[in-house]
1. Name the single residue, out of those in segment A:114-136 being closer than 12 Å to A:Leu225 by Cα and not hydroxyl-bearing (Ser, Thr, Tyr), that is farthest from the chain's Cα centre (by Cα).
2. Give the residue, chosen from A:Val360, A:Val344, A:Val287, A:Val332, that is away from chain B (no Cβ under 14 Å), touching a Phe, Trp or Tyr at 6+ places or on another chain (Cβ under 9 Å), among the β-branched types (Val, Ile, Thr) and surrounded by fewer than 24 Cβ atoms within 10 Å (Cβ to Cβ).
3. Limited to segment B:222-256, what total is found for residues that are facing another protein chain (nearest Cβ under 7 Å) and assigned to a strand (DSSP E or B)?
4. Determine whether A:Ala95 is touching a residue at least 24 places away in the same chain (Cβ under 8 Å) and either in contact with a Phe, Trp or Tyr (Cβ under 9 Å, 6 or more places away or on another chain) or aromatic (Phe, Trp, Tyr) (or both).
5. Could you go through segment B:97-111 and let me know if any residue there is of a type in the set (D, E, K, R) and part of a loop (DSSP other than H, G, I, E, B).
6. Quick one: which of B:Leu274, B:Leu286 is more than 8 Å from every other protein chain (Cβ to nearest Cβ), touching a residue at least 40 places away in the same chain (Cβ under 8 Å), in a loop (DSSP other than H, G, I, E, B) and not small (Gly, Ala, Ser)?
7. Only one residue in A:Asn57, A:Asn131, A:Asn92, A:Asn70 is of a type in the set (S, T, N, Q), under 26 Å from A:Met357 (Cα atoms) and at pLDDT 95 or above. Which one?
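The values are calculated or read from the model by the stated rules, or taken from the named source; none is laboratory data. Everything numeric in this text was worked out from a predicted model, so none of it was measured. A quick note on method: Cβ atoms are made from the backbone with ideal geometry, for glycine too, and the neighbour counts reach across all protein chains shown.
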Amino acid sequence: MAGFSSMDNFINAATTLNQRWRADWNKNFPPTTTGVQGQWDCLARGAGNPPADALFNTGTALVFQPVYDNTTNGTSIWHGGAVNPAYKSIINASAFTAAATVAPCVLVLVDILGFYRVTATTTTTAQATTNTQMAFATVTCGTTNILTTASTGTNYAINLFPYTRVQFTTTGTLPTGLSTSTDYFVIKLTDSTISVGSSYANAVAGTAVSITSGTGSGTHTLNTLLPRYTSGAGVQSFWWATNATPLGAGTPNCSHSNYTNSKQTSGQVTPTVLPVGKTACENGAIVYSGTAAGKYGPFMPLAAGDSGTAQINGIQISTTWTSGEFSVAMCVPLLTLPITTLGVASERDLINQIPSMPRVYDGAALYWLIYNGQNTPTNSAMVGHLDFAWN
Amino acid sequence: MAGFTKIKDYVDTSVLNGAERYYSWKKSPNQATTQGIWFDLSMSPGNPIPKYWFDATPLTAMNVAQSTDGGLMHGSNVTPSNKYLKELMAMCVTAAPLPMPMILCDYLLYYPTIDDSVSGAQTMINNNVLTRYTSGAGVQMIAISEATRTGGQSFTVNYTNSSGTTNRNTPNILETGLAVTGSLISSAQTSTYAAGPFLPLQAGDTGVRSVQSVTMNGPDVGLFAIVLVKPLAQFNIRGIDAPVEVDYLKDFPVIPQITDDAFLSFLCCPQGSLSGVLILGTIKTLFN
């Protein structure tokens, strides 16, 4: 069985099998503008080890771009690579700053799954996004109603979440019962076998589509949008300025005019009161974060009852930012690490002290968000480490 | 089979088999360090005795090992068993440098005496290669000041990464102006190109196998060494009233492995001067 079922499992994996990785990181606060107390920033834009990203202001606007641990210029924190069929967890973490006026602050480690680049900041109508599903796994049908999945490209079949909306493509003929260009919803059986339901409700109920006639012909591919947390369960999003040139003047309301939640329901919208963007928002800053009226934490609020985002279908600002660009990141928060005092390292034992052992999926792209407890000087250095183990 | 398959193995090793070693250490740096600049304790007097990073031919790779260079005593080689860090205690009775995070590293290979005043690439001679963590996986670079310096210039390092890819380059790294031997010259609190204790690597790299050259972006005054290290464990001395005690199974469960002949020493980040400060502690290892 993958994962840790006991401390015996853990000590065996860590010592006998040497299934662990230590990542030492140091990241600087973004270089453009002093961070504002009460505001959130993403440290991906800051220099250090790993260096500043050169990813999140590239690519075609409004098209979802997945992010992996090895994405060129992504510069996420390396966690030891793919380990499937094992499960990887974070077991310890630390962070420290010797820079005056950084502490107190709070760091949040996130796995960024992908992003939408937004370059039209004077368009005040809803901007439709492009969400093209990508080849996620190849599938074969050896047993009635059951599909066996195998990793393909940079995606890992083990990462497929229950109830994910998927479509199939094929180089030949799909097994009878399945069709191309049709939504199906995953009924996860094991890490390498699934059935599919014809609707989200059927998948939750375990009612599988009948696949009646063998394997079909050719190679069959299961396609998803997200590379990890594929159903959107627990997936959050944040808007952040991603260009060395700050956004222009303007304080627009920020909203997702249409998103699909983790129950695969589209047409969801950001609830009122809408987050208010920051005028001249600087590189790295989460545009609506802060403490004033209309300001929020790092993540875009979800509609009542929603607990995750499967995809964003429309992005809207109510008034213009006169120039610049921003990015909408889809992410999952993994770990919170408060730095309370200048010079005092924050240390977290995630097995005994705060038992959580956050899982890190193969391909995860890890970045830090920071909540500024003070006005954080540009290039403020933060140092720390992450211990990972897998079994 | 080397290692521990279950907690009972671990306990038996310690309690019944006697495969446990306990050593003390003491370091007495006499440098007037400043707040927030990382410092290497290897060259400081005490027990173990200092290891100087300028004691070999300039720019020529030299291996570091317990058997030849000392470092924190952790016991003799144990192959075919594996050795692990079980516990660590550290204390400091002077308030000036505290609170102070520290990182225990295995020092692997060093390139002595890189001259800040030389313009153009200074090419390293790699007659020696890593003998521990031989691929370079997880191996980091630290740049240690060997002499007083002016600081303020930046430099880059050309290296081979842990995948064996050559011609990799760090970004520009700013030299701190702290004129103290033993300080990590990359260390700065808030400045463009500021870095922590470890030199930033090229995007996508996670470890270093060897260094090919160092290029100063402008002339400076000073000398430094680049040392390849494998970080193993970290802890934090918070105040003069309480030693820090870490059990690496129970407190921060990672049980770092200490390879045969490892040279162990500490990096620290004081909040004030380390001059005349006594830092001491113990280390407990066990092997199975």
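1. That would be A:Ala135.
2. Details: A:Val360 fails: surrounded by fewer than 24 Cβ atoms within 10 Å (Cβ to Cβ); A:Val344 fails: away from chain B (no Cβ under 14 Å); A:Val287 fails: surrounded by fewer than 24 Cβ atoms within 10 Å (Cβ to Cβ).
Only one candidate qualifies: A:Val332.
3. Of the residues in segment B:222-256, 3 are facing another protein chain (nearest Cβ under 7 Å) and assigned to a strand (DSSP E or B).
4. When the stated conditions are applied, A:Ala95 passes them.
5. Looking through segment B:97-111, none of the residues is of a type in the set (D, E, K, R) and part of a loop (DSSP other than H, G, I, E, B).
6. Selected residue: B:Leu274, the only one of B:Leu274, B:Leu286 that is more than 8 Å from every other protein chain (Cβ to nearest Cβ), touching a residue at least 40 places away in the same chain (Cβ under 8 Å), in a loop (DSSP other than H, G, I, E, B) and not small (Gly, Ala, Ser).
7. Details: A:Asn57 fails: under 26 Å from A:Met357 (Cα atoms); A:Asn131 fails: under 26 Å from A:Met357 (Cα atoms); A:Asn70 fails: at pLDDT 95 or above.
Going through A:Asn57, A:Asn131, A:Asn92, A:Asn70 in turn, the sole match is A:Asn92.
A quick yes/no check of all residues on (1) within 14 Å of chain A (Cβ to nearest Cβ); (2) surrounded by fewer than 22 Cβ atoms within 10 Å (Cβ to Cβ); (3) in a loop (DSSP other than H, G, I, E, B):
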residue: B:Ser117; (1), (2), (3): no, yes, yes
residue: B:Asn128; (1), (2), (3): no, yes, yes
residue: B:Tyr133; (1), (2), (3): yes, yes, yes
residue: B:Ile142; (1), (2), (3): yes, no, no
residue: B:Asn158; (1), (2), (3): no, yes, no
residue: B:Pro171; (1), (2), (3): yes, yes, yes
